[in-house]
Every structure is written in C-alpha cells, then in structure tokens.
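> Sharing a structure below in structure tokens format, with a few things to ask.
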Amino acid sequence: MFTTIVHVYVKRDSVEAFIAASEKNHKASIEEPENRRFDLLQDAMEPTKFILYEAYVSKEGAVAHKQTEHYQQWRDRVAGMMEKPREGVVHHGLFPAQ
C-alpha cells in the first residue's frame with residue numbers, strides 16, 4: 001500500500017471550517033477505487049493540529065486522488081486556513097487492507 005501521513009496546522013479561527021471542508025473531501029475520497037483509508041485526526045491536546053492518514057492501493061491511486069475535483073476544491077478551500085504549509089510524509093504500508 002502507498003500511504004501518506006499529512007501534518008496540518010490550522011489557524012485557530014479556522015478549525016471548524018477546516019473540519020467541514022475536510023469532511024466533504026473525506027466522503028468523496030473513500031469512494032475512490034484505490035482508496036483504502038482516508039482519516040482525519042485532530043490532536044487531543046492541541047485542536048489546531050491535524051493529521052490526514054491516506055492509504056491507496058498504489059502510488060498511481062494516490063496520484064489520481066490529487067487529480068479529483070473534490071481534492072482540488074478542498075486544497076483551494078483550506079489554503080488560507082493553514083498556519084503553515086502542510087507536510088506530507090510518504091510511507092510503505094506493510095500489511096495491505098483486505
């Protein structure tokens with residue numbers, strides 16, 4: 001599996017709007033053919049910190065995600081909500097989802 005963990009730091013006054021925009025992106029992303037996980041996690045101690053956990057069957061599936069309308073709308077919608085640029089770290093999923 002091709003996985004990415006994205007660290008996101010959101011401006012304090014944008015947290016609720018970020019969550020709403022991300023929920024819409026999440027719902028569409030989990031319908032993508034190669035998607036296996038698409039989770040949004042909010043830090044329990046610092047509500048402005050988030051992690052997106054994305055798992056795709058292949059790198060090509062992850063690349064295809066970036067071409068979707070829902071991803072591009074999310075990216076544009078949340079750009080001004082970021083405290084600093086998001087940081088994506090690619091990982092190899094060792095035990096693929098069934």
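> Could you tell me how many of the residues in the stretch 59-98 are under 22 Å from GLU16 (Cα atoms) and among the hydrophobic types (A, V, I, L, M, F, W, C)?
5
> Right, something else. Just the residues that are hydrophobic (A, V, I, L, M, F, W, C) and in a helix (DSSP H, G or I), please, taken from the stretch 15-38.
First, the residues of the stretch 15-38 that are hydrophobic (A, V, I, L, M, F, W, C): 15, 17-21, 28, 30, 38.
Passing the criteria: VAL15, ALA17, PHE18, ILE19, ALA20, ALA21, ALA28.
> Would it be correct to say that GLU60 is of a type in the set (D, E, K, R), without any contact (Cβ under 8 Å) to a residue 12 or more places away in the chain and on the phi < 0 side of the Ramachandran plot? So that I can check it myself, show each step before the final result.
Numbers: of a type in the set (D, E, K, R): yes; without any contact (Cβ under 8 Å) to a residue 12 or more places away in the chain: no; on the phi < 0 side of the Ramachandran plot: yes.
Considered against the rule, which asks whether it is of a type in the set (D, E, K, R), without any contact (Cβ under 8 Å) to a residue 12 or more places away in the chain and on the phi < 0 side of the Ramachandran plot, GLU60 comes out as no.
> What is the residue count in the stretch 42-98 for residues that are among the charged types (D, E, K, R), surrounded by 12 or more Cβ atoms within 10 Å (Cβ to Cβ) and within 12 Å of the chain's Cα centre (by Cα)?
3
> Starting from the stretch 69-98, keep only residues that are at negative phi and assigned to a strand (DSSP E or B), then list their pairs with residues that are charged (D, E, K, R) and at pLDDT 95 or above whose Cβ atoms are within a distance under 6 Å, requiring at least 6 positions of separation or different chains.
GLU83/LYS11
> On to the next question. Confirm whether ALA44 is over 16 Å from GLU87 (Cα atoms) and either in contact with a helix residue (DSSP H, G or I) (Cβ under 7 Å, 6 or more places away or on another chain) or among the basic types (Lys, Arg) (or both).
Working: over 16 Å from GLU87 (Cα atoms): yes; either in contact with a helix residue (DSSP H, G or I) (Cβ under 7 Å, 6 or more places away or on another chain) or among the basic types (Lys, Arg) (or both): no.
For ALA44, the condition - over 16 Å from GLU87 (Cα atoms) and either in contact with a helix residue (DSSP H, G or I) (Cβ under 7 Å, 6 or more places away or on another chain) or among the basic types (Lys, Arg) (or both) - is not met.
The values are calculated or read from the model by the stated rules, or taken from the named source; none is laboratory data. As the structure is a computational prediction, the values presented were derived from the model and not from experiment. Every residue, glycine among them, receives a Cβ derived from its backbone with ideal geometry; neighbour counts consider all protein chains shown.
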